[in-house]
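See structure below.
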Amino acid sequence: MLDTDQLRSFLAIVDEGSFTRAADRVHKTQSAVSMHVRRLEEQLGCPLFVKQGRGAKLTAEGEQLVEYARRILREEAGAIAALSRKGLRGEVRFGVPDDYAEAFLSDILQRFNHRHPLVGLAVSCENSIELAALVRAGALDLALVTDFPGLEGFELVREEPLVWVVGAKFKAPAGEPIPLALGSPSCIWRRVGDEALEGQRHRVRSLFVSRNYSAIGAVVRAGLAATMLPVGLVIDGLRVLGPEAGLPPLPLTRMGLIRPAAPPTAEADALAEAVRETIAAGERKAA
């Protein structure tokens, strides 16, 4: 039988990228976390990590164990919540932009519901600036947003390059400006793109503008226009538009969590953990 406490230490290392940060996350000493890994390796008969600089990298066997470990812990948490009075039973009001929702929301909700099946979720999809205002007003318990100047209380979850993206069938019009499908003027990525294009407006033309990524994504996948996305969200049917297109490079984009000033509830803490784990898992797949 695999020890769930050892599996928690293992996953903390996977998600945090180091034994030191993992120890802080599971509230144990670094030596205790290291011992948990050694015991798992002895039981399974294979190494789970190899050293990489100051951090740790998963072996092939370690990669295999990740999803098994997450599944085991989800089932344990779900059983405890459903069959005892110790499980969480409240509600969480969660905000997420629809571009992140399309990429991550299904996995976040599945992960969270397995662990806490009695907790209700109310989800709001708005852009990051509007979600930040709702969090400040106390109308949301937690939000996953893109970082922007002036945003307070931001917890970084993932950082990666922003890139120009087109559909697989897209062909740049010879000698003509590249058509763009963009978010509304309040969209953070739209603002970043506008700044990058300063002085190079002749290279592009606005074809389609929408508040909803589902609509923008449909235009892009149809091969009609380019847009901006974090490189980790470039899925099948999309491709990165290279420098040969003549578009300016884009900076890094930062995805993270924000909360209201009031002390967080146990339900909001649990959802935040599910968000971190889901996005970490997505980052490994993208890599």
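We did not get these values from a lab; they are worked out from the coordinates using the rules stated. Nothing here was measured: the structure is a model prediction, and the numbers come from that model. Reconstructed Cβ throughout: ideal geometry from the backbone, glycine too, with neighbour counts over all protein chains shown.
Can you tell me which of Pro149, Pro264, Pro243 moves the most in a GNM of the chain? Springs connect C-alpha atoms under 10 Å apart.
Pro149
Starting from the amide H of His116, placed 1.01 Å from N in the peptide plane, find each other amide H under 5 Å away whose residue is 5 or more places distant or on another chain.
For His116, whose amide H was placed from the backbone, there are no distant partners under 5 Å.
With 10 angstrom as the radius, rank Ile108, Ile279, Ile72 by how many other C-beta atoms surround their C-beta, starting from the fewest.
Ile72, Ile279, Ile108
Out of these labelled values of Rg and Dmax of the Cα atoms in Å, (i) 20.6, 63; (ii) 18.9, 56; (iii) 21.2, 67, which was calculated from the coordinates shown here?
(iii)
On full extension of the chain, what length is gained from Asp5 through His27, given 0.36 nm per residue of separation minus the C-alpha to C-alpha distance?
Working it through step by step, the gained length comes to 6.8 nm.
For the chain, give the share of DSSP beta bridges that are antiparallel, in percent and rounded to the nearest 5; count only bridges with both residues there.
Antiparallel: roughly 60 percent of the beta bridges in the chain.
For the chain, what is the calculated [θ] at 222 nm in deg cm²/dmol (nearest 500), taking -39500 (n - 2.57) for each run of four or more DSSP H residues and dividing by its residue count?
-13000 deg cm²/dmol
Explain nothing, just compute: Karplus ³J(HN,Hα) = 6.51 cos²θ - 1.76 cosθ + 1.60, θ = phi - 60°, for every residue of region 176-186 in order, whole Hz, x for Gly and Pro.
10, x, 7, x, 10, 10, 10, x, 5, x, 7
Round to a whole angstrom and tell me the spacing of the C-alpha centers of region 223-287 and region 3-49.
27
Can you put Ser206, Ser128 in order of Cβ neighbours within 10 angstrom, beginning with the fewest?
If I rank by nearby Cβ atoms, fewest first, I get Ser206, Ser128.
What distance in nm separates the simple spin-label points at Ser210 and Gln52, each placed 7 Å from Cα in the Cβ direction?
Those two pseudo-labels are separated by 3.7 nm.
Under 23 Å between alpha carbons: how many lysine pairs meet that in the chain, if sequence neighbours fewer than 8 apart on the same chain are excluded?
5
What distance in nm lies between label points placed 7 Å from Cα along the C-beta direction at Ala266 and Ser184?
3.8
Would you mind ranking Leu40, Leu118, Leu109 by Cβ crowding within 10 Å, fewest neighbours first?
Leu118, Leu109, Leu40
Quick one: if you stick a label point 7 Å off each Cα along the C-beta vector at Ala218 and Arg203, how many nm between them?
3.0
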